[in-house]
1. Can you name the condition, by its number, that Leu113 falls short on among (1) over 16 Å from the mean Cα position of the chain (by Cα); (2) part of a helix (DSSP H, G or I)?
2. Answer yes if at least one residue in the range 128-143 is more than 23 Å from Gly79 (Cβ to Cβ), at pLDDT below 85 and out of contact with any strand residue (DSSP E or B) (no Cβ under 7 Å at 6 or more places or on another chain), and no otherwise.
3. With respect to the numbered conditions (1) more than 21 Å from the chain's Cα centre (by Cα); (2) touching a residue at least 60 places away in the same chain (Cβ under 8 Å); (3) part of a loop (DSSP other than H, G, I, E, B), which one is the sole condition not fulfilled by Met366?
4. If you check every pair at least six apart or on different chains, which have Cβ atoms under 7 Å apart with a residue in the range 181-202 that is of a type in the set (Lys, Arg) first and a residue that is surrounded by fewer than 19 Cβ atoms within 10 Å (Cβ to Cβ) second?
5. Please note which helices (runs of 4 or more DSSP H) are completely contained in the range 236-287 and include at least 1 residues that are closer than 19 Å to Ser394 by Cβ and in contact with a Leu (Cβ under 8 Å, 6 or more places away or on another chain).
6. Looking for whichever is more than 26 Å from the chain's Cα centre (by Cα), on the phi < 0 side of the Ramachandran plot, modelled with pLDDT of 80 or more and in a helix (DSSP H, G or I) here; the options are Leu51, Leu24. Which one fits?
7. Which one of these is outside any helix (DSSP H, G or I) and either crowded, with 17+ Cβ neighbours inside 10 Å or modelled with pLDDT under 85 (or both): Ala233, Ala222?
8. Going through the range 385-405 one residue at a time, which ones are without any contact (Cβ under 8 Å) to a residue 40 or more places away in the chain and either touching a strand residue (DSSP E or B) at 6+ places or on another chain (Cβ under 7 Å) or surrounded by fewer than 18 Cβ atoms within 10 Å (Cβ to Cβ) (or both)?
Amino acid sequence: MTSNVSRSASAAGTASHNPRKAALASWIGSAVEYYDFFIYGTAAALVFGKLFFPSIDPQLANVAAFATFGVAYITRPLGAVLLGHIGDKFGRKKVLTLTLLLMGFSTFMIGVLPTYEQIGFAAPALLVVMRLLQGISAAGEQAGANSMTLEHAPDHRRAFFTSFTLSGTQAGLILATLVFIPISALPEDQLLAWGWRIPFLLSAVVVAVGFWVRRTLPETPAFEEDAQAKGKAKLPVVELFTQHKAQVLRVVFAALVSVVSTIFSVFTLSYAVNTIHIPRATMLTVLVLANVVALGAIPLWATLSDRIGRRPVFILGALGSAALIWPYLWALSTANIPLIFALGILLSGVVYSAANGVWPALYGEMFDTRVRLSGMAIGTQLGFALGGFAPTISAAILGDGPTGWIPVAAFTTGAALVSAIAAFTARETYRVPMAQLGKYGAASAAPAPSSQRGAQTA
């Protein structure tokens, strides 16, 4: 037992020379991956209803377009099982390469799809197939990048380094939105004819950049040492649900905080543009500014959680988001542009970033190395499923008149409250050494020795 712990501790020390490289590779890869994923949400909010569902009522067309956004979340749990197995059995690097290539292929193919006018019902069917492939890819991306970065990071800065995965996600959203701002300004006929395809076709370029960055990323010593000491898990999913099922459920419910993100970035964009008739460029600018602020806020919140713990920071973000969604939706309903900017940046850029920046460490530290990627992937993707369908649900429950937004606000608040409760029940792990993470019977709450911490700061 002692030798195993010693080897694991040695792995953490060896990994310390690569935390920055791992964080950079995760940041760039996540930015590329989620640029592809988010341009779909923007297109669904702005044009897909008209291009792929033109024969039905406009409100129903929006619901159908949002449903195609949500279907990716159906395959994400399947992708989590498959890619989690590969990552925990064969290594994190293989998963990160596979997810990037799969996302790039499916996104580029969306850009060349014929529309409903050209091939009828086959058009939305093909759109759904490509979106399902995007979902499989996304399922493994964040869990793989988070596991890779967590296992390279020094014990006392794990949240800071893992937060780069999520700031990369924000960068992907920023890039996706920036690409759409000039395209959304095109005349309606040009936007629908060819303009919407450009962001999808550009994915070929950004995927090539991401693949080039990740090709030299080494496997984590923590994974290699654990495999040598204990052998690779034959069926990581079986081991996960045998020994860690409570943690998986906790991650599922905590991940419901993602509803805030998809409501803010997808539903409110459609609601503001199509129902309240706020200019597209105005709302896209709100999204960009909120995510620019988030780029700075995420690592700051993560740094705070390295000092005071994961749970208080995450819970603050969830509860704050539950409260702020109400004035934000009210501001949208009244078309109060200054208030929309102020509340949008505060909600998504500052407050939600507390939960968003901390969850990679909070969830990843619930599991040991043998099943970490599977645990994070499966738990988050089951929870994210509600987030994926949140725009569809919100479009369906949206009422008429100036107070029609209230059911949407109540739905968002409920999801955020459940998330906060789940995090409250979690074990605090910010002082637990890497070798003892996920070992719930051990007396592992003590901080790492100062000599070890000092050796890991490189």
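1. Every condition holds for Leu113 apart from (2).
2. no
3. Just one mismatch for Met366, condition (1).
4. Partner pairs satisfying both residue conditions: Arg197/Gly111.
5. Those helices (runs of 4 or more DSSP H) span 258-262.
6. None of the other options fit; the residue is Leu51.
7. Unique residue meeting the criteria: Ala233.
8. Scanning the range 385-405 gives Ile397, Gly399, Asp400, Gly401.
The values are calculated or read from the model by the stated rules, or taken from the named source; none is laboratory data. Only a predicted model underlies this, so the values are computations on that prediction, with no experimental measurement involved. Methodologically, a virtual Cβ is constructed for each residue, glycine included, from the backbone with ideal geometry; neighbour enumeration extends over all protein chains shown.
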